[in-house]
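Just below is one structure, and these are the notes that go with it.
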Amino acid sequence: ISMQAFDRETVNMVVQIPDYKLRQQLALQHKETLIVEAFTAFDEMFHLHLKWQDTCSCPELMLSSCSAMYQKLLLDLTVESPQLTWSTGVPTSSSGLFSWSTPSLPLELQRARTIIPLVLRRGPVLDRHRPTIYHIDLNVGLDQTVTFNLVGTAWKLDDHVHSSLHCKSYRQWMRANEKQPTATSQMVDNVAAMKGATDVPPDVEMRLSKEDECDETESHMVHSFVLQAHSPVFRAMLAAPMTEGQEKVVNMVGVTTERLEDFLQALYGLCVPEAVREDEERLVGLLALADCYGVIALRDNCATLLEASLNESNMARLLKVADMHQVEGLRAAALQYIIHRVDRIVAVMDSDDASVRKSVRERLRANEDLNTPSSRPQGQAADEEIAV
């Protein structure tokens, strides 16, 4: 197979809304939307929204996702209810269920709530002499339970369209042979080429000091202008009358050879190395070293790549990394991912790391404060939930 099939999940759920008519009247009275859990796909919880207008008893249906992490999905879903029906008048009578469907377009789930409108399909096309009579929910009692059947498929698409439309070998060939250099890329390549240049020798020794004094010390030669351009810490060391500036030696304790190589390759190449992008351990190490020496752009780039790799096995660790290195974007993403599901909250709160537990507690408490009536601005537009 020259192209990889998209990951897909089948959706087949029944959503029950007890006391449907009563909730409809409450929603109309308070001009609010009824929201109920619908289904889970690709580790994301989707909610079904029902919104009524005074002039129509047929609800407007929408789906939403809290989107703990960025994903690109295609939803092919049909929503029907056996209690919501239509029929045509005489002389030719026919009837059927109302049904709603999702738009046939790729959907990008952002971290903010993503709203997906559903398209109402009313039944057969009729001429003006045979108007459709909509019976909707006229016979539903106040305490009757109305069910909605959600059936279909969810596909997980690639983040980039080229990954979906071009096979892997072609993409590799394109990158290797048809990449048109720009002025910026040429300048980046010029700086990267300095790493191995013999005509401009490096002038600073990066000395990896082992924790055990019996071990040998490993050295790497680097150009001082590269270090000073990226790092205010290195600039202070090498430009000021300090030992490092006079001896042109920077001692680094507790840093592995691989981590230093990744760091230097990033400084010379002005980006996170390709080999590091898919390796969580190396990304965390590079982030820590970048933060230590004040290379903020590199630290934040590593954090953005780590956000995309959030899962239940690393969520607590990446939250701790974000706290240690004060990376707000990664911290917010990790907390949102954790509190999105109760089982994730339980798993983190059962861990031995007190700092991680404290961060989650503070986030949950902040959410509770935001949801209390006293904390909401007076006259705030009502688009609240009616819990089911």
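The values are calculated or read from the model by the stated rules, or taken from the named source; none is laboratory data. Keep in mind that what you see is a predicted model, and the values were worked out from it rather than measured. Don't worry about glycine lacking a Cβ; one is built from the backbone with ideal geometry, like all the others, and counts go over all protein chains shown. Ligands, DNA and RNA are stripped out before the accessible areas are found, and what is left, the full protein with its side chains, is counted by its heavy atoms. Shrake-Rupley method; radii C 1.70, N 1.55, O 1.52, S 1.80 Å.
Assorted remarks:
- The stretch 185-328, Rg to Rh (Cα coordinates; Rh as Kirkwood inverse mean 1/r): 0.98
- Nearby lysines by direct alpha-carbon distance to Lys358 (threshold 29 angstrom, same-chain neighbours under 8 apart not counted): Lys320
- Under the simplified labelling scheme, the Thr153-Lys358 pair shows an inter-label distance of 5.0 nm, with each label point 7 Å from Cα along Cα→Cβ.
- Peptides 246-255, 310-319 ordered by packing proxy, namely the average of other Cβ atoms within 10 Å per residue, highest first: 310-319, 246-255.
- Length gained when the stretch Phe6-Val119 is fully extended (0.36 nm per residue, less Cα-Cα span): 38.2 nm
- With every protein chain in place, the stretch 224-360: carbon and sulfur % of accessible area (1.4 Å): 53
- Burial ranking of peptide ranges 11-18, 347-354 (average Cβ count within 10 Å, highest at the top): 11-18, 347-354
- Accessible surface area normalised per residue over the stretch 216-287 is 50 Å², counting heavy atoms of protein chains with a 1.4 Å rolling probe.
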